[in-house]
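Scroll down for the structure; my scribbles are underneath it.
The values are calculated or read from the model by the stated rules, or taken from the named source; none is laboratory data. No experiment lies behind these values; they were computed from the predicted model shown. Every residue, glycine as well, gets a Cβ built from its backbone with ideal geometry; the counts of neighbours run over all protein chains shown. Side chains are part of the model used for accessible areas, which takes the heavy atoms of the whole protein and leaves out ligands, DNA and RNA. Shrake-Rupley method; radii C 1.70, N 1.55, O 1.52, S 1.80 Å.
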Amino acid sequence: MKRKTMLITGATGFLGSFITQQLFEAGFNLILLIRNSNQVRARDRISEVFPSFEDAKTELISRKLSDRVEIAEGDISQKHFGLQAMDYSRISDAVDEVFHCAAATKFHHESDHMLMQTNVYGTEHLAWFCLSGKRKRLHYISTAYVAGTRRDTVFEHELEKNQTFNNNYEKSKFDAEKLLRQFTAQYNIPATIYRPSIITGDSRTGVTRNYDNIYVFGKGLHRLKKYEIQKSNKDTPWSSKKSIGYPPALRIPGDKHATINLVPVDYVTQAIVAISGQEQSINKTFQIVNPSPPTLGELAEWMTVATGIHRVRIVPMYEFQMQPETLEEKLFLKGTETFQPYMFGEPYFDSTSTRTMLSGTTIECPLITQEVINRLIQYALNTNWGKKKTGEEKELPRKLIESIQVV
(Lines give C-alpha, C1' and ligand atoms only; values in the text may rest on other atoms or scores of the structure.)
Protein backbone atom coordinates (compact mmCIF):
# COMPACT_ATOMS: atom_id res chain seq x y z
CA MET A 1 0.00 0.00 0.00
CA LYS A 2 1.08 3.56 -0.68
CA ARG A 3 2.33 5.25 2.47
CA LYS A 4 0.02 8.09 3.53
CA THR A 5 1.23 11.68 3.48
CA MET A 6 0.33 13.87 6.45
CA LEU A 7 0.40 17.68 6.54
CA ILE A 8 1.18 18.91 10.04
CA THR A 9 0.80 22.47 11.29
CA GLY A 10 2.43 23.51 14.54
CA ALA A 11 5.13 20.86 14.24
CA THR A 12 7.61 23.17 16.00
CA GLY A 13 5.25 23.54 18.95
CA PHE A 14 5.15 21.41 22.09
CA LEU A 15 2.36 18.91 21.38
CA GLY A 16 2.87 19.28 17.62
CA SER A 17 6.48 18.11 17.83
CA PHE A 18 5.50 15.03 19.86
CA ILE A 19 2.74 14.14 17.38
CA THR A 20 5.11 14.71 14.46
CA GLN A 21 7.74 12.40 15.92
CA GLN A 22 5.20 9.66 16.58
CA LEU A 23 3.74 9.89 13.07
CA PHE A 24 7.25 9.80 11.63
CA GLU A 25 8.10 6.70 13.65
CA ALA A 26 4.82 5.13 12.46
CA GLY A 27 6.17 5.36 8.91
CA PHE A 28 4.14 8.18 7.33
CA ASN A 29 5.44 10.75 4.86
CA LEU A 30 5.26 14.20 6.42
CA ILE A 31 4.87 17.71 5.05
CA LEU A 32 5.49 20.22 7.82
CA LEU A 33 3.99 23.67 7.39
CA ILE A 34 6.51 25.86 9.20
CA ARG A 35 6.77 29.62 9.13
CA ASN A 36 9.99 31.58 9.26
CA SER A 37 10.34 32.93 12.80
CA ASN A 38 12.42 35.77 14.19
CA GLN A 39 14.74 35.72 11.20
CA VAL A 40 15.17 31.93 11.56
CA ARG A 41 14.40 30.08 8.35
CA ALA A 42 11.84 27.28 8.46
CA ARG A 43 14.52 24.78 7.37
CA ASP A 44 16.60 25.59 10.44
CA ARG A 45 13.61 25.06 12.72
CA ILE A 46 13.56 21.34 11.95
CA SER A 47 15.62 20.78 15.12
CA GLU A 48 12.63 22.12 17.08
CA VAL A 49 10.56 19.28 15.63
CA PHE A 50 13.10 16.52 16.26
CA PRO A 51 15.03 17.81 19.29
CA SER A 52 16.32 14.44 20.44
CA PHE A 53 16.57 10.81 19.42
CA GLU A 54 17.75 7.64 21.10
CA ASP A 55 21.25 6.73 19.95
CA ALA A 56 20.06 3.50 18.40
CA LYS A 57 17.60 5.33 16.20
CA THR A 58 19.70 8.28 15.15
CA GLU A 59 21.34 6.62 12.14
CA LEU A 60 18.03 5.19 10.91
CA ILE A 61 16.25 8.52 11.26
CA SER A 62 19.10 10.40 9.64
CA ARG A 63 18.82 8.07 6.64
CA LYS A 64 15.06 8.45 6.25
CA LEU A 65 14.37 12.02 7.34
CA SER A 66 15.37 13.64 4.06
CA ASP A 67 13.27 11.11 2.08
CA ARG A 68 10.10 11.29 4.15
CA VAL A 69 9.96 14.85 5.49
CA GLU A 70 9.30 17.98 3.45
CA ILE A 71 9.10 21.51 4.78
CA ALA A 72 6.60 23.98 3.37
CA GLU A 73 7.53 27.53 4.34
CA GLY A 74 4.12 29.01 5.04
CA ASP A 75 1.80 30.61 7.55
CA ILE A 76 -1.69 29.29 8.38
CA SER A 77 -2.94 32.79 9.14
CA GLN A 78 -2.60 33.67 5.43
CA LYS A 79 -4.81 32.56 2.57
CA HIS A 80 -3.28 29.52 0.83
CA PHE A 81 -0.74 29.61 3.70
CA GLY A 82 1.15 32.30 1.77
CA LEU A 83 2.43 29.64 -0.66
CA GLN A 84 2.85 30.01 -4.39
CA ALA A 85 -0.20 28.67 -6.28
CA MET A 86 1.83 25.85 -7.83
CA ASP A 87 3.20 24.69 -4.46
CA TYR A 88 -0.22 24.93 -2.79
CA SER A 89 -1.80 22.86 -5.57
CA ARG A 90 0.93 20.21 -5.51
CA ILE A 91 0.69 19.81 -1.73
CA SER A 92 -3.11 19.69 -1.93
CA ASP A 93 -2.87 16.74 -4.31
CA ALA A 94 -0.21 14.96 -2.25
CA VAL A 95 -1.70 15.16 1.25
CA ASP A 96 -4.04 12.46 2.57
CA GLU A 97 -4.67 13.76 6.11
CA VAL A 98 -4.06 16.97 8.04
CA PHE A 99 -3.07 17.35 11.70
CA HIS A 100 -3.82 20.93 12.70
CA CYS A 101 -1.74 21.46 15.85
CA ALA A 102 -0.78 25.12 15.36
CA ALA A 103 -2.32 27.64 17.74
CA ALA A 104 -1.63 30.94 19.45
CA THR A 105 -1.86 30.23 23.18
CA LYS A 106 -1.13 33.50 24.97
CA PHE A 107 -3.79 34.88 27.31
CA HIS A 108 -2.78 38.55 27.29
CA HIS A 109 -5.08 41.11 25.70
CA GLU A 110 -2.36 42.40 23.39
CA SER A 111 -2.39 39.02 21.63
CA ASP A 112 -6.11 39.17 20.69
CA HIS A 113 -5.33 39.89 17.05
CA MET A 114 -2.90 36.97 16.90
CA LEU A 115 -5.47 34.69 18.54
CA MET A 116 -8.05 35.56 15.88
CA GLN A 117 -5.63 35.34 12.95
CA THR A 118 -4.05 32.05 13.99
CA ASN A 119 -6.75 30.16 15.84
CA VAL A 120 -9.87 31.16 13.91
CA TYR A 121 -8.76 32.25 10.42
CA GLY A 122 -5.97 29.67 10.43
CA THR A 123 -8.49 26.91 11.09
CA GLU A 124 -10.71 28.20 8.29
CA HIS A 125 -7.76 28.16 5.89
CA LEU A 126 -7.02 24.55 6.87
CA ALA A 127 -10.64 23.59 6.27
CA TRP A 128 -10.54 25.07 2.74
CA PHE A 129 -7.26 23.24 2.15
CA CYS A 130 -9.00 19.95 2.96
CA LEU A 131 -11.44 20.69 0.11
CA SER A 132 -8.75 21.53 -2.43
CA GLY A 133 -7.23 18.77 -4.54
CA LYS A 134 -8.29 15.40 -3.24
CA ARG A 135 -10.60 15.27 -0.21
CA LYS A 136 -8.60 15.03 2.99
CA ARG A 137 -9.32 13.94 6.54
CA LEU A 138 -8.78 16.64 9.17
CA HIS A 139 -7.54 16.12 12.73
CA TYR A 140 -8.03 19.30 14.76
CA ILE A 141 -6.40 19.95 18.14
CA SER A 142 -8.82 22.03 20.21
CA THR A 143 -8.86 22.33 24.03
CA ALA A 144 -11.10 20.99 26.77
CA TYR A 145 -11.40 24.61 27.96
CA VAL A 146 -13.76 25.57 25.15
CA ALA A 147 -16.07 24.80 28.09
CA GLY A 148 -15.07 28.21 29.48
CA THR A 149 -16.45 28.97 32.93
CA ARG A 150 -18.81 26.00 33.05
CA ARG A 151 -18.69 24.01 36.28
CA ASP A 152 -20.97 21.12 35.39
CA THR A 153 -20.22 17.93 33.45
CA VAL A 154 -18.97 18.64 29.93
CA PHE A 155 -19.72 15.89 27.44
CA GLU A 156 -17.64 15.30 24.34
CA HIS A 157 -20.42 16.00 21.86
CA GLU A 158 -21.22 19.39 23.45
CA LEU A 159 -19.91 22.80 22.47
CA GLU A 160 -22.36 25.68 22.86
CA LYS A 161 -23.97 25.92 26.30
CA ASN A 162 -24.16 29.71 26.66
CA GLN A 163 -20.85 29.64 28.49
CA THR A 164 -18.61 32.61 29.15
CA PHE A 165 -14.82 32.39 29.00
CA ASN A 166 -11.88 32.96 31.32
CA ASN A 167 -9.82 34.58 28.57
CA ASN A 168 -9.75 35.24 24.84
CA TYR A 169 -7.66 32.15 24.15
CA GLU A 170 -10.56 29.96 25.26
CA LYS A 171 -12.97 32.09 23.24
CA SER A 172 -10.82 31.87 20.08
CA LYS A 173 -10.63 28.07 20.31
CA PHE A 174 -14.39 27.92 20.88
CA ASP A 175 -14.97 30.09 17.80
CA ALA A 176 -12.58 27.95 15.76
CA GLU A 177 -14.28 24.72 16.79
CA LYS A 178 -17.72 26.19 16.07
CA LEU A 179 -16.56 27.32 12.62
CA LEU A 180 -15.00 23.93 11.92
CA ARG A 181 -18.12 22.00 12.93
CA GLN A 182 -20.28 24.11 10.63
CA PHE A 183 -17.78 23.91 7.77
CA THR A 184 -17.25 20.15 7.93
CA ALA A 185 -21.00 19.50 8.16
CA GLN A 186 -21.71 21.76 5.16
CA TYR A 187 -18.97 20.32 2.94
CA ASN A 188 -18.90 16.78 4.32
CA ILE A 189 -15.24 16.83 5.35
CA PRO A 190 -14.22 13.84 7.50
CA ALA A 191 -12.94 15.50 10.68
CA THR A 192 -12.00 14.52 14.21
CA ILE A 193 -11.66 16.99 17.07
CA TYR A 194 -9.36 16.37 20.04
CA ARG A 195 -9.69 18.36 23.25
CA PRO A 196 -6.72 17.92 25.58
CA SER A 197 -6.83 19.61 28.97
CA ILE A 198 -3.72 21.16 30.61
CA ILE A 199 -0.69 19.48 29.03
CA THR A 200 2.42 18.91 31.15
CA GLY A 201 5.78 17.37 30.28
CA ASP A 202 6.41 13.69 29.64
CA SER A 203 5.40 11.63 32.68
CA ARG A 204 8.36 9.27 32.21
CA THR A 205 11.19 11.70 31.41
CA GLY A 206 9.86 15.11 32.43
CA VAL A 207 10.71 16.47 28.97
CA THR A 208 8.77 19.60 28.04
CA ARG A 209 9.06 22.60 25.77
CA ASN A 210 6.07 24.40 27.22
CA TYR A 211 6.78 26.26 30.44
CA ASP A 212 3.29 27.68 31.01
CA ASN A 213 0.57 26.43 33.41
CA ILE A 214 2.07 24.65 36.45
CA TYR A 215 5.58 25.66 35.42
CA VAL A 216 4.73 29.32 35.94
CA PHE A 217 3.85 28.53 39.55
CA GLY A 218 6.91 26.30 39.92
CA LYS A 219 9.16 29.04 38.61
CA GLY A 220 7.58 31.55 40.98
CA LEU A 221 8.17 29.27 43.96
CA HIS A 222 11.74 28.58 42.85
CA ARG A 223 12.47 32.30 42.58
CA LEU A 224 10.95 32.82 46.01
CA LYS A 225 13.24 30.16 47.43
CA LYS A 226 16.31 31.91 45.95
CA TYR A 227 15.07 35.22 47.33
CA GLU A 228 14.67 33.70 50.80
CA ILE A 229 18.18 32.27 50.70
CA GLN A 230 19.65 35.62 49.69
CA LYS A 231 17.70 37.38 52.41
CA SER A 232 18.70 34.79 54.99
CA ASN A 233 22.37 35.19 54.08
CA LYS A 234 22.08 38.88 54.90
CA ASP A 235 20.77 37.92 58.36
CA THR A 236 17.63 39.97 57.81
CA PRO A 237 14.82 38.76 60.10
CA TRP A 238 11.56 38.00 58.32
CA SER A 239 9.45 39.00 61.31
CA SER A 240 10.07 40.53 64.69
CA LYS A 241 7.94 37.72 66.11
CA LYS A 242 10.00 34.90 64.57
CA SER A 243 13.53 34.74 65.89
CA ILE A 244 14.28 31.55 63.92
CA GLY A 245 14.07 33.51 60.67
CA TYR A 246 11.28 31.60 58.88
CA PRO A 247 9.03 33.75 56.69
CA PRO A 248 5.24 33.73 57.01
CA ALA A 249 3.23 31.35 54.83
CA LEU A 250 2.75 32.30 51.19
CA ARG A 251 -1.00 32.56 50.69
CA ILE A 252 -2.41 31.78 47.25
CA PRO A 253 -6.11 32.47 46.65
CA GLY A 254 -7.99 29.46 45.34
CA ASP A 255 -10.13 26.45 46.17
CA LYS A 256 -7.94 23.67 47.49
CA HIS A 257 -10.69 21.13 46.77
CA ALA A 258 -11.01 22.12 43.10
CA THR A 259 -9.39 19.87 40.51
CA ILE A 260 -6.65 20.77 38.04
CA ASN A 261 -6.94 18.55 34.97
CA LEU A 262 -3.31 17.81 34.10
CA VAL A 263 -2.43 15.38 31.30
CA PRO A 264 1.14 14.37 30.43
CA VAL A 265 2.14 15.00 26.82
CA ASP A 266 3.10 11.34 26.27
CA TYR A 267 -0.47 10.24 27.02
CA VAL A 268 -2.03 12.99 24.89
CA THR A 269 0.20 12.10 21.93
CA GLN A 270 -0.40 8.37 22.13
CA ALA A 271 -4.15 8.84 22.52
CA ILE A 272 -4.49 11.24 19.57
CA VAL A 273 -2.39 9.11 17.21
CA ALA A 274 -4.21 5.90 18.23
CA ILE A 275 -7.67 7.45 17.81
CA SER A 276 -6.69 9.12 14.52
CA GLY A 277 -6.05 5.75 12.94
CA GLN A 278 -9.57 4.47 13.54
CA GLU A 279 -12.32 5.04 10.97
CA GLN A 280 -15.03 5.10 13.64
CA SER A 281 -13.50 8.28 15.12
CA ILE A 282 -14.52 10.34 12.07
CA ASN A 283 -16.92 13.20 12.82
CA LYS A 284 -16.53 12.76 16.57
CA THR A 285 -14.95 14.75 19.38
CA PHE A 286 -12.64 13.29 22.02
CA GLN A 287 -11.70 14.87 25.32
CA ILE A 288 -8.13 13.80 26.07
CA VAL A 289 -8.29 14.46 29.78
CA ASN A 290 -7.29 13.01 33.13
CA PRO A 291 -10.17 10.91 34.53
CA SER A 292 -8.70 11.30 38.04
CA PRO A 293 -7.24 14.81 38.17
CA PRO A 294 -5.46 16.02 41.31
CA THR A 295 -6.96 18.69 43.53
CA LEU A 296 -5.35 22.09 43.82
CA GLY A 297 -4.49 21.27 47.43
CA GLU A 298 -2.66 18.10 46.41
CA LEU A 299 -0.83 19.86 43.60
CA ALA A 300 0.23 22.71 45.90
CA GLU A 301 1.67 20.21 48.37
CA TRP A 302 3.57 18.34 45.65
CA MET A 303 4.88 21.56 44.14
CA THR A 304 6.19 22.79 47.50
CA VAL A 305 8.11 19.55 47.98
CA ALA A 306 9.46 19.66 44.41
CA THR A 307 10.65 23.28 44.74
CA GLY A 308 11.71 23.19 48.40
CA ILE A 309 9.21 25.84 49.51
CA HIS A 310 7.31 24.22 52.39
CA ARG A 311 4.99 27.04 53.39
CA VAL A 312 2.34 27.52 50.71
CA ARG A 313 -1.30 27.80 51.73
CA ILE A 314 -4.26 27.74 49.34
CA VAL A 315 -6.88 29.97 50.93
CA PRO A 316 -10.37 31.15 49.89
CA MET A 317 -10.49 34.64 48.39
CA TYR A 318 -12.38 36.08 51.36
CA GLU A 319 -9.66 34.82 53.70
CA PHE A 320 -6.92 36.13 51.41
CA GLN A 321 -8.50 39.59 51.47
CA MET A 322 -8.76 39.68 55.27
CA GLN A 323 -5.17 40.87 55.65
CA PRO A 324 -2.79 42.86 53.42
CA GLU A 325 -0.69 41.02 50.87
CA THR A 326 2.98 40.59 51.67
CA LEU A 327 5.57 41.72 49.14
CA GLU A 328 6.26 38.08 48.26
CA GLU A 329 2.54 37.43 47.68
CA LYS A 330 2.22 40.48 45.44
CA LEU A 331 5.20 39.42 43.34
CA PHE A 332 4.01 35.82 43.10
CA LEU A 333 0.45 36.75 42.14
CA LYS A 334 1.63 39.27 39.56
CA GLY A 335 3.66 36.56 37.84
CA THR A 336 0.77 34.08 37.84
CA GLU A 337 -2.24 36.40 37.34
CA THR A 338 -3.22 35.04 33.91
CA PHE A 339 -3.75 31.59 35.44
CA GLN A 340 -5.68 32.76 38.52
CA PRO A 341 -9.15 31.93 37.07
CA TYR A 342 -8.20 28.25 37.03
CA MET A 343 -7.57 28.27 40.79
CA PHE A 344 -11.26 28.29 41.65
CA GLY A 345 -12.62 25.23 39.91
CA GLU A 346 -13.26 23.66 36.54
CA PRO A 347 -15.86 21.38 34.97
CA TYR A 348 -15.84 17.63 35.09
CA PHE A 349 -14.75 16.55 31.61
CA ASP A 350 -16.47 13.38 30.49
CA SER A 351 -14.21 11.17 28.35
CA THR A 352 -16.41 8.16 27.61
CA SER A 353 -15.79 8.23 23.85
CA THR A 354 -12.04 8.54 24.35
CA ARG A 355 -11.88 5.62 26.78
CA THR A 356 -14.04 3.54 24.45
CA MET A 357 -11.73 4.20 21.49
CA LEU A 358 -8.66 3.33 23.58
CA SER A 359 -10.11 0.16 25.08
CA GLY A 360 -8.07 -2.81 24.01
CA THR A 361 -4.89 -0.74 23.94
CA THR A 362 -2.38 -0.16 26.74
CA ILE A 363 -2.86 3.61 26.51
CA GLU A 364 -4.16 5.24 29.67
CA CYS A 365 -3.56 8.48 31.49
CA PRO A 366 -0.85 8.16 34.17
CA LEU A 367 -1.75 9.23 37.68
CA ILE A 368 -0.30 12.59 38.69
CA THR A 369 1.75 11.91 41.82
CA GLN A 370 4.51 13.51 43.85
CA GLU A 371 7.03 11.49 41.84
CA VAL A 372 5.67 12.79 38.52
CA ILE A 373 5.65 16.41 39.72
CA ASN A 374 9.23 16.02 41.00
CA ARG A 375 10.26 14.76 37.54
CA LEU A 376 8.53 17.64 35.74
CA ILE A 377 10.01 20.33 37.98
CA GLN A 378 13.49 18.78 37.95
CA TYR A 379 13.54 18.85 34.16
CA ALA A 380 12.43 22.48 34.23
CA LEU A 381 15.24 23.30 36.66
CA ASN A 382 17.78 21.42 34.52
CA THR A 383 16.78 23.50 31.49
CA ASN A 384 16.54 26.74 33.51
CA TRP A 385 12.85 26.92 32.60
CA GLY A 386 13.51 26.45 28.90
CA LYS A 387 16.52 28.74 28.53
CA LYS A 388 19.10 26.01 27.99
CA LYS A 389 19.23 22.53 26.48
CA THR A 390 19.85 19.34 28.39
CA GLY A 391 22.46 16.76 27.45
CA GLU A 392 19.63 14.60 26.08
CA GLU A 393 19.06 16.98 23.19
CA LYS A 394 21.18 16.72 20.05
CA GLU A 395 21.20 19.11 17.15
CA LEU A 396 20.54 17.49 13.81
CA PRO A 397 23.59 17.57 11.55
CA ARG A 398 23.71 20.62 9.25
CA LYS A 399 24.20 18.36 6.21
CA LEU A 400 20.99 16.50 7.09
CA ILE A 401 19.01 19.70 7.62
CA GLU A 402 20.12 21.05 4.28
CA SER A 403 19.11 17.82 2.53
CA ILE A 404 15.45 18.18 3.51
CA GLN A 405 13.25 19.44 0.69
CA VAL A 406 11.85 22.93 1.20
CA VAL A 407 9.12 24.66 -0.79
If we scan segment 133-156, do we find a residue that is of a type in the set (Gly, Ala, Ser), more than 19 Å from the chain's Cα centre (by Cα) and more than 15 Å from TYR348 (Cβ to Cβ)?
-> yes
Which numbered condition trips up LYS178, out of (1) in a loop (DSSP other than H, G, I, E, B); (2) open to solvent by 10 Å² or more (accessible area, probe 1.4 Å); (3) modelled with pLDDT of 95 or more?
-> (1)
Return only the number of the condition from (1) more than 17 Å from ILE189 (Cα to Cα); (2) at pLDDT 95 or above; (3) not hydrophobic (A, V, I, L, M, F, W, C) that HIS139 does not satisfy.
-> (1)
Flagged in segment 1-31 as closer than 17 Å to ALA274 by Cα and in a helix (DSSP H, G or I), in numbering order, are LEU15, GLY16, SER17, PHE18, ILE19, THR20, GLN21, GLN22, LEU23, PHE24, GLU25
